[in-house]
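Just below is one structure, and these are the notes that go with it.
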Amino acid sequence: MSNFRTLLVWQKSMTLITKIYSLTNKFPKEEVFGLTSQIKRSSISIPSNIAEGYGRESDKELLRFLSISIGSLFEMQTQLEIAKNISYLKEDDFNNLYEDSREIERMLVSFIKKIKDRTKP
């Protein structure tokens with residue numbers, strides 16, 4: 001792989017951000033600095049940390065940034081569920097975003113396992 005842009009998990013994370021921005025732009029304006037901002041920040045953190053980790057010089061650092069990425073993903077999943085529970089997100093929109101996020105989660109877990117396996121003595 002030549003750079004982080006070739007990683008499918010990064011590409012899918014970038015697509016997810018576009019969907020999230022589109023849907024959160026419909027949230028009430030009073031939420032712009034609250035839940036809307038939190039969801040956007042946590043979703044942006046996912047591919048950002050994948051990219052940053054990929055640019056580091058060691059697998060140990062890559063693993064650390066991939067772990068941060070998963071944490072941001074879980075944070076975003078929680079925030080999306082809150083948005084659904086308070087009727088900012090329709091059930092179908094939530095389900096689509098959640099399924100996309102679960103796919104990214106599985107890919108990150110697999111990527112982490114692959115890195116860990118190649119670093120074993």
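The values are calculated or read from the model by the stated rules, or taken from the named source; none is laboratory data. Values in this document were obtained by computation on a predicted structure and should not be read as measured data. Positions of Cβ are generated from backbone atoms using ideal geometry, with glycine treated the same way; all protein chains shown enter the neighbour counts. Quick note on the areas: whole protein, heavy atoms, side chains included, nothing else; ligands and nucleic acids left out. Shrake-Rupley method; radii C 1.70, N 1.55, O 1.52, S 1.80 Å.
Figures for the structure shown
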item	result
Chymotrypsin sites (Phe, Trp or Tyr not before Pro) restricted to DSSP loop in segment 13-74 with at most 11 other C-beta within 10 Å	Phe33
Additional length obtainable on full extension of the chain from Lys60 to Arg118, 0.36 nm per residue less Cα span	19.8 nm
Value of [θ]222 nm, deg cm²/dmol, for the chain, DSSP H segments ≥ 4, -39500 (n - 2.57) each, nearest 500	-27000 deg cm²/dmol
At least 27 Å along the helix axis (C-alpha) and Kyte average at least 0.0, DSSP helices within the chain	59-85
Label assignment, Rg and Dmax of the Cα atoms in Å derived from the structure, set (1) 15.1, 51; (2) 13.9, 46; (3) 15.2, 53	(3)
For the chain: relative contact order, % (alpha-carbon pairs under 8 angstrom, 6 or more apart)	27
In the chain, lysine pairs with alpha-carbon atoms under 21 angstrom apart (chain gap of 8 or more, or interchain)	19
Leu89 long-range amide H proximity, modeled H, under 5 Å	Lys84
Solvent-accessible area, 1.4 Å probe, carbon plus sulfur percent, for segment 60-113	50
